[in-house]
Every structure is written in structure tokens, then in C-alpha cells.
1. Keeping to the stretch 32-44, report how many residues are surrounded by 10 or more Cβ atoms within 10 Å (Cβ to Cβ) and either at pLDDT below 90 or touching a strand residue (DSSP E or B) at 6+ places or on another chain (Cβ under 8 Å) (or both).
2. For the structure I just gave you, tell me whether L103 is more than 19 Å from M43 (Cβ to Cβ) and open to solvent by less than 70 Å² (accessible area, probe 1.4 Å).
3. I'd like to verify a number: residues in the stretch 45-63 that are at pLDDT 90 or above and either open to solvent by less than 40 Å² (accessible area, probe 1.4 Å) or not small (G, A, S) (or both), how many?
4. Name every residue in the stretch 65-111 that is in contact with a Leu (Cβ under 6 Å, 6 or more places away or on another chain) and without any contact (Cβ under 8 Å) to a residue 60 or more places away in the chain, in order of residue number.
Amino acid sequence: MDASASPAASPAPPAAPAPPGPGRAAPAPVSRLRRLAAPVGVMAAVVGAFGYVATVDPNEPGHYPVCPMLRFTGVFCPGCGGLRSAHAFAHGDLVTALGSNALAVAGYLAFAAVWLLWTVRAGRGLPLSVGLRPVHWWGIGTVLLVFSVVRNLPFGSALAP
């Protein structure tokens, strides 16, 4: 008996899913409300977080922990001033928000754009696919590093919180 005749040597092809027909119903379409649940839930969480930061002022000591990098090294990290920026942004004070952390304000605007795209695509029943290649991640990391270094130098003190 040759090996090609053995049932173990020749696996059976995978079974194709049965097409909808008599006795088999097609899967029910997902409602628009259900498709929008995730983006709406994320926005509710963001609004809740911004609402909390808007009511509990980070400019008053004792409400939030101190940045560990600033406390132990005296160096401003890319996130330093982010809570003060969010507080000012929530109150509509864009100038103060930019002065506290300009990169955070850019992040708020980028989030808003991606969220809007996500919501529109979800409403139409399309998936959101934001495929960032490694070069994009390296670019984001470079921007964060340059922002951190510049805001800690004397000529970049305008970027310090």
C-alpha cells in the first residue's frame, strides 16, 4: 500500500459553510444603534473624564498626584501640564490649554478627528482601520522626544507648563 492512499497522508479539504437556503436563515444585520454603541461609549467615557477634570481643578495642590518624572528628576515629561491643559480646554480657554501642554491639545484634536471618522464608518457599517506603519510610530516617538527636550531647554521655556 502506498503512502498516498493512506487517509492520514491526505487530509480532507475544509468544509465550506453552508449557504443560506431553505431552513437556514442569513445572519441578521446589526442595527445602527448597536454599531454606534462602541464609539458612543468611548465618547461618554471621555466626556466623563473631561467633566471630572473640569470640576476638580488640577491647579490646586492635593487633588492629583505629582508627575513622578518631574518630582524625581526635575524634568518635564511630554505629559506634564496635561491635566491643566484638559482643565483649561474643558472651560474653553484654548490659550491657557496650549500654554499648559500644546502637544496634549494636538492630541485632543487628533482624537476628535479619529473618533468622528470611527463614528461615521460605524454608522455606515464599515470597520475602522487605522493601520500605522512602523515609520509612523517612530515619527510619533520622535515628536514626543523633541517636544520633551525642547520644553526643558531655556529657549523652549514657552512650551513648559
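The values are calculated or read from the model by the stated rules, or taken from the named source; none is laboratory data. Source: prediction; values computed, not measured. Counting neighbours? That spans all protein chains shown, and the Cβs are built from the backbone with ideal geometry, glycine included. The protein model used for the area step is the full one, side chains on, heavy atoms only, and it has no ligands, DNA or RNA in it. Shrake-Rupley method; radii C 1.70, N 1.55, O 1.52, S 1.80 Å.
1. Total meeting the criteria: 3.
2. Yes: the conditions hold for L103.
3. Within the stretch 45-63, residues that are at pLDDT 90 or above and either open to solvent by less than 40 Å² (accessible area, probe 1.4 Å) or not small (G, A, S) (or both) number 11.
4. V105
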